[in-house]
Every structure is written in C-alpha cells, then in structure tokens.
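Visitor: For reference, the structure I am asking about is given below.
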Amino acid sequence: MNDHSLFSPFKLNNFTLKNRIGVAPMTRMSSPGDSIPRQDVLEFLVRRAENGAAIVYTEAIVTDYESAQGYPKQARLITQRQIDSWKPVVEAIRNEGAVSIMQMFHCGRMAWPEINPANRVIAPSPISPRQKNPLTGEPYPVPDEMSAFDIEHVITGFVETAKGAIAAGFDGIEIHGAHGYLINNFLSSYSNRRTDEYGGSVENRYRFAHEIVQAVRQVVPTNRLLTFRVSNWGVADMDVSLCADKMEWQQIIKMLSKEPIDAISVSTYDYSAHAFGTGQNMGQITRESTDLPIMICGKIYDRATAEDALRNADIILSAKSILLNPNWIDDIRESKELPLYKSDEANVAYTDEPLP
Ligand SMILES: Cc1cc2nc3c(=O)[nH]c(=O)nc-3n(C[C@H](O)[C@H](O)[C@H](O)COP(=O)(O)O)c2cc1C
C-alpha cells in the first residue's frame, strides 16, 4: 500500500470520499432527559471533519423509548427537537467535505431496564449475559423472549430513527449489528435459541437483520448511504464469539452482500489479529466473501497500521486515536510516531469534560 492510497478518494455509492479515513461510532452518554447530545459532543464531531476525516459517524443512537437503551444519557433521533439539534452538525460536517453517517442500535439483552421507560429487556431468547453489568455491578436481567409483535415494533423503531436522520440531513445511516446488542443477539447461536423462523440455522438467525435492512432501506433514498456494522465479539461474555468458524462468518457476510447496502463495517479489537484459528485477519476473511466496500477498525493508530489495514479494506475507521487526538489525521499524513491508546484512556469519552 503506498502513500497515495490512504489519502486517495474512494467512491461510495454517489459520494466521493476525499480519503479512506473515518471517525468510528463512539457512544458518549452525554444526552440527558431530552436525548440530545451536549453541544461540546456535537462540536467534537465537527472538529474531526475539520481535521480531514472523510466520514464522521455519530455515536450509536437508540431506536426507541421502550427497551433499546443500555447506557445512561443516550441519544435518540425521533422528535423534531432531536432532529433540529443535529441539522447544524450535519451541515458543518458537509461544509468540511466529509460524509455524515448516523449509527443506530437496540441494546437487546444488554439493555438496562431502569433507564427504559417500559422497564423491560427483550432479546431473541431469555438468556442473560453471564457477566454482571459493569455499570451497576448487578447481574443483567433475564430478557423477555421477543414476540412477533415485539419484532415488528423494534423494526419500526429502526425505521423511525432512520427517518429522523434523513430529516436531519445525514448522508447515511448505519445499522449496528455488532458488539453483542440486539441484532447480534439474533445472529448468535449462543443468545438465540429460538425454534421459530428467527432461530436455528444461520439463515434463520439472519432473518431479523434482513427484515431491518429491508425496512430501513425503504426510507433511506438510494442517493444516501446505508451501511451495516458487524463484529465477531460482544461487549459482554467476550469468550462467546458470534460465529463458530470462518464459514459461518462468511455465510453472514454473503447474506449481507445481497442486501441493498453500500458497505459492510467490520469491527475488530485488532485488525491484524488472526481469526477463527486461521492465518487470516477479519479483513481478509471478509474480503473473500464480498464485493461490497469494507470498513475496518481495531488498533489502527499510526500510518503504518492504517496502510496495512487498508490492504484488506477500503476505508479505515478509528475510535480511540481520533477520540484522544484531535489532530490524528494530520499526524497520520505527516507519518508521526503515535501512541496506541489503551481502552481505559478512552473513558474520558463518558465524562462531562469537553474534549479538544
Ligand atoms: C468511547 C468509545 C465509544 C464507542 N461507542 C461505540 C458505538 O457507539 N458504536 C459502535 O459501533 N462502536 C463503538 N465503539 C467501538 C469503536 O467504534 C471501535 O470499534 C473500537 O473502539 C475499536 O477501534 P479503535 O481500536 O480504533 O478504538 C466505541 C469505542 C469507544 C472507545
């Protein structure tokens, strides 16, 4: 990979990205009662566009007021006030020549009932994470098994949130199917033990994701982006991977590739780590089974890792480096020596402290 590639344009649907670098979605827990992020959190995103990011993702926005929320003070995008709060952010990102993408999710079995007005946790099957909720120190509650009504209702939440993002002017929408949240709960044979058409085979476990993508695409015009994020790890029970083997992962990627989406975002802990006992990393394994553009992230922290990750992907995303270094893209451009930040250093994201 030469210098030219990382800073070369890339065509994503009808958008021409000015380079291959994006700001990964980052939850900030900064939206109090009105589910609107603090002003400094919104400005943080604009500054990353000013620094030269080609794509700026929002934090994961929760899709309903009933059971979607897993962390305190998360954002929503379904009321006019919420929509209006994002409009200037989207416009400012566009003025910097960057593409804005709203990421949305439902926390599924990782939800926290006390902060959801319906006081309910729902998931494909009544299987709670084995570990305790790190935020409360308490066990996660056993989820209610989702009924057909619940499934339809949750899909409506994704659709309404996508509509909110379109009304706010976002260039794209991302469906968050990664990290052990609801869509991931359906995909995983560990958390999905259903015996109906949503459980059992990989095709059946994929059905919920398929229905969400199809329903959301109806409200996302073809000239806007729709991306899907997937990972083989979750924030709880990390020892339980989504897929048992490479073949299962590739089956999911192949099914996703048939969807009307514009890119697959593969979230890894370490882009270079070999996966499924093979000598290949997730980028390589994913590339083998799709022609769709691939975004990759995980321990990309300097120019060498960015260029190396780009060998098996089209776009690289950074979370921690971009969070903690407002000049990261300039520093990459100048091939500066840069640190690999640790996870606990990123906890500053969840404080009231404005970040530069
Ligand atoms: C503070 C913080 C918040 C995050 N929030 C989200 C999120 O809302 N949605 C998501 O898909 N990933 C989220 N992630 C995961 C990152 O997008 C990324 O996949 C992960 O941090 C690995 O990339 P990195 O090594 O560049 O940090 C978050 C990460 C951090 C550090």
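Visitor: Output the residues belonging to the range 96-144 that are surrounded by fewer than 20 Cβ atoms within 10 Å (Cβ to Cβ), touching a strand residue (DSSP E or B) at 6+ places or on another chain (Cβ under 7 Å) and not in a loop (DSSP other than H, G, I, E, B).
Guide: Listed by number, the residues that qualify are 132, 139, 144.
Visitor: Please determine whether any residue of the range 187-199 is within 16 Å of the ligand (Cβ to nearest atom), surrounded by 21 or more Cβ atoms within 10 Å (Cβ to Cβ), among the aliphatic types (A, V, I, L, M) and within 22 Å of the chain's Cα centre (by Cα).
Guide: yes
Visitor: Which condition does residue 195 not pass, out of (1) in contact (Cβ under 8 Å) with a residue 24 or more places away in the chain; (2) of a type in the set (Val, Ile, Thr); (3) assigned to a loop (DSSP other than H, G, I, E, B), if it passes all the others?
Guide: It is condition (1) that residue 195 fails.
Visitor: Would you point out which residue out of 313, 306 is among the small types (Gly, Ala, Ser) and under 17 Å from residue 12 (Cα atoms)?
Guide: 313
Visitor: Sticking with this one: Considering the range 301-319 alone, what residues qualify as being more than 11 Å from the ligand (Cβ to nearest atom) and open to solvent by less than 50 Å² (accessible area, probe 1.4 Å)?
Guide: Listed by number, the residues that qualify are 302, 303, 307, 310, 312, 313, 314, 315.
Visitor: Can you find a residue that is among the acidic types (Asp, Glu), open to solvent by less than 80 Å² (accessible area, probe 1.4 Å), touching a residue at least 24 places away in the same chain (Cβ under 8 Å) and more than 11 Å from the ligand (Cβ to nearest atom) anywhere in the range 276-290?
Guide: No.
Visitor: Further question on the same structure: Hey, any hits in the range 209-225 for a residue that's in contact (Cβ under 8 Å) with a residue 40 or more places away in the chain, assigned to a helix (DSSP H, G or I), among the acidic types (Asp, Glu) and open to solvent by 50 Å² or more (accessible area, probe 1.4 Å)?
Guide: Scanning the range 209-225 turns up at least one residue that is in contact (Cβ under 8 Å) with a residue 40 or more places away in the chain, assigned to a helix (DSSP H, G or I), among the acidic types (Asp, Glu) and open to solvent by 50 Å² or more (accessible area, probe 1.4 Å).
Visitor: Just give me the residues in the range 320-352 being among the aliphatic types (A, V, I, L, M) and surrounded by 15 or more Cβ atoms within 10 Å (Cβ to Cβ), in sequence order.
Guide: Listed by number, the residues that qualify are 322, 323, 324, 329, 332, 338, 346, 349.
Visitor: Sort out which residues of the range 243-259 are aliphatic (A, V, I, L, M) and open to solvent by less than 10 Å² (accessible area, probe 1.4 Å), and write them in order of number.
Guide: Of everything in the range 243-259, those that are aliphatic (A, V, I, L, M) and open to solvent by less than 10 Å² (accessible area, probe 1.4 Å) turn out to be 252, 253, 256.
Visitor: Taking the range 345-356, which residues are near the ligand (Cβ under 10 Å from one of its atoms) and farther than 11 Å from residue 323 by Cα?
Guide: 350 - this is the single residue of the range 345-356 that is near the ligand (Cβ under 10 Å from one of its atoms) and farther than 11 Å from residue 323 by Cα.
Yes or no, residue by residue, for (1) assigned to a loop (DSSP other than H, G, I, E, B); (2) in contact (Cβ under 8 Å) with a residue 60 or more places away in the chain:
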{"residue": "307", "(1), (2)": "no, yes"}
{"residue": "323", "(1), (2)": "no, yes"}
{"residue": "326", "(1), (2)": "yes, yes"}
{"residue": "337", "(1), (2)": "yes, no"}
{"residue": "340", "(1), (2)": "yes, no"}
{"residue": "345", "(1), (2)": "no, no"}
{"residue": "354", "(1), (2)": "yes, yes"}
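Visitor: Go through the range 254-270 and report how many residues are part of a loop (DSSP other than H, G, I, E, B) and touching a residue at least 40 places away in the same chain (Cβ under 8 Å).
Guide: Final tally of qualifying residues: 4.
Visitor: Can you tell me how many residues within the range 16-36 are within 16 Å of the ligand (Cβ to nearest atom) and open to solvent by less than 10 Å² (accessible area, probe 1.4 Å)?
Guide: 8
Visitor: Across the range 69-84, what is the number of residues that are within 13 Å of the ligand (Cβ to nearest atom) and of a type in the set (A, V, I, L, M)?
Guide: 1
Visitor: For the range 244-275, which positions are more than 16 Å from the ligand (Cβ to nearest atom) and among the small types (Gly, Ala, Ser)?
Guide: The answer is 244, 257.
Visitor: Residue 328 is checked against (1) within 16 Å of the ligand (Cβ to nearest atom); (2) within 20 Å of the chain's Cα centre (by Cα); (3) of a type in the set (A, V, I, L, M, F, W, C) and fails just one. What number does that condition carry?
Guide: So residue 328 meets the others, but not (2).
Visitor: Looking at this structure, is residue 272 crowded, with 23+ Cβ neighbours inside 10 Å, farther than 24 Å from residue 11 by Cβ and modelled with pLDDT of 95 or more?
Guide: In short, no.
The values are calculated or read from the model by the stated rules, or taken from the named source; none is laboratory data. Worth saying up front: this structure is predicted, and the values here are computed from it rather than measured. So basically every Cβ, Gly included, is an ideal-geometry build from the backbone, and we count neighbours across all protein chains shown. Heads up: the accessible areas ignore ligands, DNA and RNA and are worked out on the full protein's heavy atoms, side chains in. Shrake-Rupley method; radii C 1.70, N 1.55, O 1.52, S 1.80 Å.
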